[in-house]
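What follows is a single structure, written as structure tokens, with notes after it.
The values are calculated or read from the model by the stated rules, or taken from the named source; none is laboratory data. These figures come from a predicted structure and were not determined experimentally. Note that we place each Cβ from the backbone using ideal geometry, even for glycine, and neighbour counts take in every protein chain shown.
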Amino acid sequence: MLAYLVNRLLLIVPTLLGVAVLIFFMLRVVPGDIVEVKLRGDGGNPTQETVELERKRLGLDRPLHVQFKDWMVGLVTLDLGISMWTERPVTEEIALRLELSLQVAFMATIVAILIALPLGTLSALLRDTWVDYVIRVITIAGLAVPSFWLGMLTIVSLLFFFNWLPPLTYTPIYVDPWNNIAQLIWPAVAVGYRYAAVTARMMRSSIIEVMNEDYIRTARAKGVYERFVVVRHAMRNAMLPALTVIGLEFAFLIGGLVVTEQVFNLNGIGRLFVQAVSRSDFTLIQAMVMLTAVIFVLSNLVVDLLYAVFDPRIRYK
Amino acid sequence: MTAGAAPVSIEVQRIRRRSPLVAFSLAQPLGAVSGIAIVVMGIGALFAEYAAPYDPVAIDFAGILSPPNWSHWFGTDAFGRDILSRVIYGARTALAIGFLSAFLGCSVGAIIGVASAYFGGRTDILVQRVMDVLLSFPIIVLALVVVAMLGRFLVLGVDVNLILAIAVPMLPRVARVVRSSALTIRELPYIDAVRVQGFGHARIIFRHMVPNVVAPYLIMLTASIAQAILLEASLSFLGLGVAEPTPSWGLMLSGNASDFYREAPWMILFPGLAISVAVFAFNLFGDSLRDWLDPKFKV
């Protein structure tokens with residue numbers, strides 16, 4: 001088990017290295033950088049000299065391989081450089097917002113699981129009845145409805161039906177759990193709908209497959225209550241493919257957060273990413289891409305380890 | 001000859017081949033409905049000048065933020081612009097950008113997939129690793145990176161780089177699916193035959209392999225159009241896609257809509273609905289097309 005874990009962690013290194021190389025050079029192939037955006041942004045017309053000076057200050061005038069070496073050394077020592085716009089350390093900028101976004105991500109995951117597993121199972125068991133059709137329409141719609149629009153509709157509905165709006169300022173959960181959840185549950189639901197839809201579809205097809213297995217017939221034959229057949233025998237086995245989807249979609253949550261944080265006025269990493277892109281803040285974009293990659297490989301690892309929990313036959317050596 | 005013998009009638013059974021359009025509609029009624037929705041949207045987008053009751057950019061300060069009524073079915077926005085007209089013109093933007101970028105992404109992806117399968121060996125492994133790296137990012141993150149990389153580049157009022165930014169995330173998905181179909185084709189005798197004849201790589205790939213992966217290509221194309229429409233809306237919503245005053249569904253949900261939508265929900269209701277219906281229709285059509293063309297095919 002330990003050997004497996006070490007092996008997996010070592011395999012992460014080349015993947016991340018590939019991403020680091022790719023993003024570094026991608027951003028620099030095309031001419032134009034933050035200096036232009038920064039100095040020309042407000043209609044200013046800087047002299048060539050000012051531009052060169054600013055470029056020098058930000059270290060953009062150095063040869064590419066020197067910049068690349070700095071970036072690599074920085075990655076290893078977890079020093080991701082200084083934001084070219086705010087001039088604060090990138091790690092600090094991210095750390096400031098990571099807590100909020102991670103909380104929304106985890107809440108969205110919980111929402112998705114709570115909705116998807118029962119709905120997917122129900123849809124499979126009542127296949128081709130109206131219940132199945134309704135659930136399938138709900139799940140297909142989940143792939144089509146943009147999460148930012150769903151977020152706006154949520155706000156409008158809360159205002160219309162309850163004459164209430166979620167709190168606007170962020171309070172950490174350990175300071176005021178009620179206020180915190182009252183603010184963050186809505187974006188979690190908006191992002192979680194798509195998540196739930198994808199997972200429910202997988203759960204449905206997985207349950208349909210499992211229900212034809214011999215062990216289900218055996219369980220029924222020995223007189224196990226249908227409820228236990230479904231919950232203990234079918235759902236547990238059907239969990240594995242669903243788990244893969246849950247892990248994958250968790251890694252992709254940042255995509256949903258990018259747009260949803262905008263709607264709910266949340267100062268999270270999704271919003272930071274959008275700001276970085278609109279300002280061509282290379283150091284920050286690079287760091288965000290690395291962060292996305294790290295979350296992806298880590299959630300894949302966690303999923304693989306959870307397989308062993310749900311399926312005792314799987315042993316990692 | 002006795003009278004009353006029944007005349008022998010021979011029933012001629014006509015063999016009629018149903019047109020594929022009818023066959024598809026009968027086998028996949030939902031697919032047919034979504035197909036009709038797509039056609040209606042396409043016609044509306046194409047003839048937006050005739051379909052839209054007002055000029056989508058005409059500002060009318062006398063009638064700002066008016067709720068849906070008989071003269072403005074979908075209401076007006078904070079500049080008094082007619083929302084129905086903007087939604088119709090928005091379909092033009094969404095479908096044009098959606099189709100162009102999906103077509104570009106899928107075509108390049110399919111060629112990469114077929115070439116990767118055809119050459120095999122190290123080339124295949126290298127290409128697949130790069131695709132794996134691209135696949136580990138959510139599509140909007142990839143699109144944002146391309147936007148950051150390229151900036152804006154307008155040709156005839158269309159941001160070419162936006163189309164590229166939407167096309168790039170489609171690439172790896174199509175490449176992977178098409179590659180797996182191409183792998184089986186590569187082993188078929190006729191490919192050996194054309195190889196023996198000494199045809200060049202390019203000719204074998206384009207003339208002999210590409211035409212045989214049309215089914216997965218078409219399925220991926222419809223699914224990608226749905227993704228592309230959603231992506232265009234998201235990028236425009238973030239202010240990194242289509243720029244004002246071009247009507248775009250995503251753009252209609254941002255800007256001053258975000259200041260006024262609590263009081264004037266119709267401002268966001270209809271554009272959002274338009275995005276959802278369009279994406280839903282293309283997804284459903286893609287699903288039905290898959291079931292019809294290739295029941296074993298899984299994306």
Residues that are facing chain B (nearest Cβ under 9 Å) and not polar (S, T, N, Q): does the range A:261-273 have at least one?
yes
Is the range B:216-231 home to any residue that is at the interface with another protein chain (Cβ under 8 Å from one of its Cβ atoms), at pLDDT 90 or above and either in contact with a strand residue (DSSP E or B) (Cβ under 9 Å, 6 or more places away or on another chain) or assigned to a helix (DSSP H, G or I) (or both)?
yes
Within the range A:158-174, considering residues that are out of contact with any helix residue (DSSP H, G or I) (no Cβ under 8 Å at 6 or more places or on another chain) and in a helix (DSSP H, G or I), the one surrounded by the most Cβ atoms within 10 Å (Cβ to Cβ):
A:LEU159
Residue count, the range B:243-290 (criterion: within 11 Å of another protein chain (Cβ to nearest Cβ) and of a type in the set (Lys, Arg))
1
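Per-residue answers, yes or no, for (1) among the hydrophobic types (A, V, I, L, M, F, W, C); (2) touching a strand residue (DSSP E or B) at 6+ places or on another chain (Cβ under 8 Å); (3) buried (at least 22 other Cβ atoms within 10 Å of the Cβ):
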site: A:MET152; (1), (2), (3): yes, no, yes
site: A:VAL156; (1), (2), (3): yes, no, no
site: A:ASP176; (1), (2), (3): no, no, no
site: A:PRO187; (1), (2), (3): no, no, yes
site: A:ALA197; (1), (2), (3): yes, no, yes
site: A:MET203; (1), (2), (3): yes, no, yes
site: A:SER206; (1), (2), (3): no, no, yes
Hits in the range B:188-205 - residues which are of a type outside the set (Val, Ile, Thr) and under 17 Å from B:THR123 (Cβ atoms):
B:ARG195, B:GLY200, B:HIS201, B:ALA202
Between A:VAL245, A:VAL289, A:VAL259, which is in contact with a Ser or Thr (Cβ under 6 Å, 6 or more places away or on another chain), surrounded by 20 or more Cβ atoms within 10 Å (Cβ to Cβ), within 30 Å of A:TYR4 (Cβ to Cβ) and outside the structural domain of A:PRO14 (by TED's automatic domain parsing)?
A:VAL245
Every listed condition ((1) modelled with pLDDT under 90; (2) more than 12 Å from chain B (Cβ to nearest Cβ)) holds for A:GLY142 save (2)
Scan the range A:276-317 for residues that are touching a helix residue (DSSP H, G or I) at 6+ places or on another chain (Cβ under 8 Å), part of a helix (DSSP H, G or I), over 17 Å from A:LEU253 (Cβ atoms) and within 11 Å of chain B (Cβ to nearest Cβ) and jot them down.
A:ALA276, A:VAL277, A:PHE282, A:LEU284, A:ILE285, A:GLN286
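Go through B:PHE270, B:PHE237, B:PHE260 for me and flag whichever is over 25 Å from the mean Cα position of the chain (by Cα) and more than 17 Å from B:ILE112 (Cβ to Cβ). Talk me through it step by step, then tell me what you get.
Details: B:PHE270 fails: over 25 Å from the mean Cα position of the chain (by Cα); B:PHE237 fails: over 25 Å from the mean Cα position of the chain (by Cα).
Just a single option satisfies the conditions, and that option is B:PHE260.
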Are there any pairs with C-beta distances below 6 angstrom linking a residue in the range A:156-176 that is within 17 Å of A:ASN265 (Cβ to Cβ) to a residue that is assigned to a loop (DSSP other than H, G, I, E, B) and of a type in the set (Phe, Trp, Tyr), with the two at least 6 apart or on different chains, and if so which?
A:LEU158/A:TRP164
Quick check on B:LEU240: is it more than 13 Å from chain A (Cβ to nearest Cβ), crowded, with 16+ Cβ neighbours inside 10 Å and either assigned to a loop (DSSP other than H, G, I, E, B) or at negative phi (or both)?
no
